Amino acid sequence: MFLLKKQSLQLLALWIFLLGAFHTYGQTKGFSTGDNESLLKTDALEGLKSTQSLPNSTMAVDNIVSPAQYRMGPGDVLSLQILNAASAEQILIVTPENSVLLPRIGEVSLLKMTLAQAKDTLLKIIKARNPVANAYITLRQPRTAIISVRGNVLFPNSYSLPASMKVSTALKLANQPQGSGGQAASNEELRALRKYQAFSNQYDESVGIGSSGRAQPYAMRNTVVKHNDGTTEVADIERSLATGEPAFNFHLREGDEIYVPFEPRSFPTISISGGVRRSGVFAFKNGDKASLLLKLGLGISESGDFSRVFLKIPGGERRQLNVDSALNLRETDIALEPGSAIIIEEKTYPMSLKQGVVTVSGAVRSPGTFVVEPHVTRLKDIIGQAGGFEEEAYLPLAYILRREPNQSIQVDERYGLFEKFQYSNLTLEDTVRYLFDMSYRRPIVSADFVSAFKNNSEKDNVPLEDGDVIVIPTNPKRVYIFGQVNKPGYIEYTPGKSMTWYIEQAGGFASGAERERSRIIRGRTNVWEEDAPGVTVNAGDEIYVPRPPDVSKSLELQSQGIWASLISTAVFGLIGIANIIIQLNR
């Protein structure tokens, strides 16, 4: 009896639920209750199918879409969800006529609407049909727009990009090698990019700009965008990046033509410098104020003093600005004029606070990282702090690595080398040798540890810099001999022995060895050294015995012919001189 009552209650609850669902759905769709069961199934299936068939976006979005700025266009995909008994997601795709088809309602035009306006329009229509419906609309996937970029960019072209992207992203893409058909960039593109980057880096260093990766202070505030409807807008990318205002770095639309102006020879500028994260010179625009210029500095640096911020307007006195620690202006904003400059003075520190660190590794008693005063603390001082050398330390192989300034990844490493040949008077052979040597260049400090620690050479007791790494290897206790010797290979190291002694240990010279060209290759520097009285081999060195250079028969005959020609010329010359002397003495 109890079980029967329980089943009856469950059936009654299910029936009430279905009646409520059909009633709600009938209000929403405007159809009779008799059709609702089939409509519920149909809409649920359609929502599932439309979600599954939604194309996947393979292009990353540029940023969060701003509904107030994003313009609707053909191909945009909207997601509609009405919370009722059949709360499946409905996919709405904007048609080529810039409209959408609302289920059970019909066509709704979204022409010239922003995303915010489109959402508001569609929700009002749904609410008018069903006032109690809880409906939500969001942009599911932005459309792809074809835009063109022209003017002062590295690769002017037409690009297919999501409309969610902004003008600044289009400029970045137009200055990166894309290749064709998704392939790697061509050598011509890479060479063009490297040439451009070289100029850009030099310009950035000289004027202190480059936050956008582009040496274009004028273009970054004056890029023109012509829309398909004939209207134009000016993108102020610097202002948008500094303040976050989307209206100055807007989303793309289909048919947009972006023109990046070439830098004029002269244009009005404003600048900010001193204790900020980015010092820079920027193009001046009417309406610029001190608050904007402060934001263009991207915040105060660790050394900046916000209590000493000054504004200099041409023709006016230098005045102090009242700002907080985030460089927000705490007084009435000030209109700028061309040539205005803001200077954030930097904190002063005692010389003792200028510190750096060096690392000591290898055969020392206490390897690790040590604090130094750059250009003051010397090699011996730090080795003393590291506890001195261990017994196995081998000074002839010890070296110091130094971090090089302005290291950058180049698209073509040869570009920087070729640039140095522009005013070179080197011969072809010298140039080839230079390229070879540069490819194996090592950032080591010129210091001889043996001279510094055993001979007390102050010249080799070098001052250290921040980031130096001191490496003290252990004694390898061997020398490697190769080339034209009878028994090439490793020989056990014996201190104080010459190259000739080690060659004898390797079985002596092999037939065909060119003895005079034998060399010691130093283990620390890879420098080749000739044998001479007093020159000894160190552990870890190599000894190379070459063979005579191969000369073809034709080249040998040519060489013999040249020598014969030179000798005959000299003989005939002497005979001629002798005849002249005889004639003069008659």
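Each reported figure results from applying straightforward, stated rules to the coordinates on display, with no laboratory input. Everything numeric in this text was worked out from a predicted model, so none of it was measured. Cβ sites come from the backbone with ideal geometry, for glycine too, and all protein chains shown count toward neighbours.
Stretching ARG265 away from PHE482 to a fully extended chain increases their span by 71.9 nm, per 0.36 nm per residue minus the current alpha-carbon distance. A simple spin-label model places pseudo-atoms 7 Å from Cα toward Cβ; at GLU492 and SER307 they are separated by 7.3 nm.
Against the empirical curve 2.2 N^0.38 Å, the C-alpha radius of gyration of the stretch 216-353 lands at a ratio of 1.20.
Backbone N atoms of the stretch 234-254 closer than 14 Å to the 7 Å Cα→Cβ label point of ILE146 belong to residues 254.
Mind scanning LYS354/LYS380; LYS295/LYS354; LYS112/LYS289; LYS166/LYS285; LYS347/LYS380 and naming the pairs with a C-alpha gap bigger than 27 Å?
Violating the 27 Å Cα-Cα cut-off are LYS295/LYS354; LYS112/LYS289; LYS347/LYS380.
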